[in-house]
Amino acid sequence: MEKKIWTRQNITRLIIVTLLAAAAITIASLTIGKDIYYGSAKDGLLSFAIVNLAGYLFFLFMPVEMAFVYYVSEGANLWTLNGIALGTALLSQSVDYLIGYSFSSNIINKLIGRRRYLKAESRIRKYGNIIIFVFNFLPLSSPVISLSAGMLKIRIKDAILYTTIGLIAKYLVLTLLFIP
């Protein structure tokens, strides 16, 4: 049995993951948590925008689909909610793409781990744009795919097009499934 060695890199990665998890929990608590507590989800779409924007950044993992369903169930305006969801998701994923495009793979490997990056890279190389669509349509880690697409220098027009189509399809399905 292999014994886990606590190297400086492993400890640093653990600290970063812990800080990012704490940031995600804090953002969710101060936004959606406050809306749930005070019952202001219909009127508090700024909270949803903040959570959705943060949730689609590759280094924060947040349940953006669950937040969307919560706001739909609370009677938020569907057109406004969908617009905010799509706008913030596209903005964040564009940032993810640009980060991937501009940073070296060594920096990204330290942030998300070599194994996770290689897995995303192999999927994008093997399946191309369809994987960008699928990861945006399903509740999978689409921000990591956007980051990888940037690192692999996939055409930005293709990345944004397939991201947009996937997000529209996802939020359309969520809207139709959870209309109160």
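This table checks each residue for (1) farther than 22 Å from residue 18 by Cα; (2) touching a Leu at 6+ places or on another chain (Cβ under 7 Å).
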{"residue": "53", "(1), (2)": "no, yes"}
{"residue": "72", "(1), (2)": "yes, yes"}
{"residue": "116", "(1), (2)": "no, no"}
{"residue": "126", "(1), (2)": "yes, no"}
{"residue": "131", "(1), (2)": "yes, no"}
{"residue": "135", "(1), (2)": "yes, no"}
{"residue": "140", "(1), (2)": "no, no"}
{"residue": "152", "(1), (2)": "yes, no"}
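Summed over segment 164-180, the residues that are at pLDDT 95 or above and β-branched (Val, Ile, Thr) give a count of 3.
Check whether at least one residue in segment 101-118 is within 14 Å of residue 156 (Cα to Cα) and at pLDDT 80 or above, and report yes or no. Checked against the condition, which is being within 14 Å of residue 156 (Cα to Cα) and at pLDDT 80 or above, segment 101-118 yields at least one hit. Of the residues making up segment 122-143, at least one is more than 24 Å from residue 174 (Cβ to Cβ), crowded, with 16+ Cβ neighbours inside 10 Å and out of contact with any His (no Cβ under 7 Å at 6 or more places or on another chain). Within segment 131-180, restricting attention to residues that are part of a loop (DSSP other than H, G, I, E, B) and under 13 Å from the mean Cα position of the chain (by Cα), the residue that is farthest from residue 65 (Cα to Cα) is 141.
Yes/no matrix, rows are residues, columns are (1) assigned to a helix (DSSP H, G or I); (2) touching a Ser or Thr at 6+ places or on another chain (Cβ under 7 Å); (3) acidic (Asp, Glu):
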| position | (1), (2), (3) |
| --- | --- |
| 54 | yes, no, no |
| 57 | no, yes, no |
| 66 | yes, no, no |
| 69 | yes, no, no |
| 75 | no, no, no |
| 84 | yes, no, no |
| 88 | yes, no, no |
| 91 | yes, no, no |
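Filtered by the rule that a residue be among the small types (Gly, Ala, Ser) and either within 24 Å of residue 155 (Cα to Cα) or at pLDDT below 85 (or both), segment 77-100 gives 85, 87, 89, 92, 94, 100.
The values are calculated or read from the model by the stated rules, or taken from the named source; none is laboratory data. Since the structure is predicted, the reported quantities are computational estimates derived from the model, not experimental observations. Cβ coordinates were reconstructed from backbone atoms using ideal geometry, including for glycine residues, and neighbour counts include every protein chain displayed.
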